[in-house]
1. Assuming R0 = 41 Å, can you tell me the calculated FRET efficiency for the pair R145 and D93, based on Cβ-Cβ distance, to the nearest 0.05?
2. What number do you get for segment 146-207 when its Cα radius of gyration is normalised by 2.2 N^0.38 Å, N = residues?
3. Work out the FRET efficiency for S113 and E174 from their Cβ-Cβ distance, taking R0 = 30 Å, and round it to the nearest 0.05.
4. At q = 0.13, 0.16, 0.18, 0.25 Å⁻¹, what base-10 log of I(q)/I(0) does the Debye formula yield for segment 116-181 when every alpha carbon is treated as an equal point scatterer in vacuo?
5. When only the heavy atoms of the protein chains count and the probe is 1.4 Å, how do L142, L94 rank by accessible area, highest first?
6. Sort D178, D199 by heavy-atom solvent-accessible area, probe 1.4 angstrom, most to least.
7. Longer than 21 Å from Cα to Cα, which of K147/K207; K147/K205; K116/K147; K116/K205; K33/K205 are they? Say none if no pair is.
Amino acid sequence: MLRFAPVKALALCLALSACVTINVYFPAAAAEKAADRIIEDVWGSEPETKPRAPSDQRGSWHSESGIEQTLLAAAGSVLDVLVSPAQAQAQADLNVSTPAIRALTQSMEARHSQLKPYYDSGAIGFTQDGLIEVRDQNLIPLPDRNKARKLVAEENADRANLYREIATGNNHPEWEADIRTTFAERWISKASAGWYYQDESGAWKQK
């Protein structure tokens, strides 16, 4: 049993409070989950569901004095703020259901059926920055090349807006680059066998 005099308990609370720094870490796991959900919506795949196990472990401090109990409870509340980055990421979730995000997702979903033949042929591939690009225009019939370029431009505009909207829609515009990086990885990870993508050096590879 731990015992503190009221003054010592108060000092402990003040010391812990002084150590608290408000750091908002990018929730990488939540971003990956959100990216997978949107990609599955756009490409028509069945979403994967992974149950989460609740994690809330806290030790108990005891004291016989009512004043000490109150102060130590306050200290416990301060400790709750001192959550590790890993715990913060595990508990975080991203809102990807704003009207703007839904509209962009629907636009990309409607376009996917027109882009898919170009993915299948290898004419279009996934870039390392979360966009798409005409990889080999010779694989596109001449009469269709302007249409293909237009589809690519429209898709890239929607993707760029999507990454921005997810960041701003979650009140963290500074996350846009991280969200883009996460999506770039997940687009490639979920791409079908035979589709092309850029590796970290920018070289084209086939899955």
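1. 0.45
2. Computed over Cα atoms of segment 146-207, the ratio equals 1.28.
3. Efficiency at R0 = 30 Å is approximately 0.30.
4. -0.43, -0.58, -0.68, -0.98
5. L142, L94
6. D178, D199
7. K147/K207; K147/K205; K33/K205
The values are calculated or read from the model by the stated rules, or taken from the named source; none is laboratory data. Keep in mind the model is a prediction, meaning the values are calculated, not measured. Please note: Cβ atoms are built from the backbone with ideal geometry, for glycine as well, and neighbour counts cover all protein chains shown. Remember, those area values only see protein heavy atoms, side chains included, never the ligands or the DNA or RNA. Shrake-Rupley method; radii C 1.70, N 1.55, O 1.52, S 1.80 Å.
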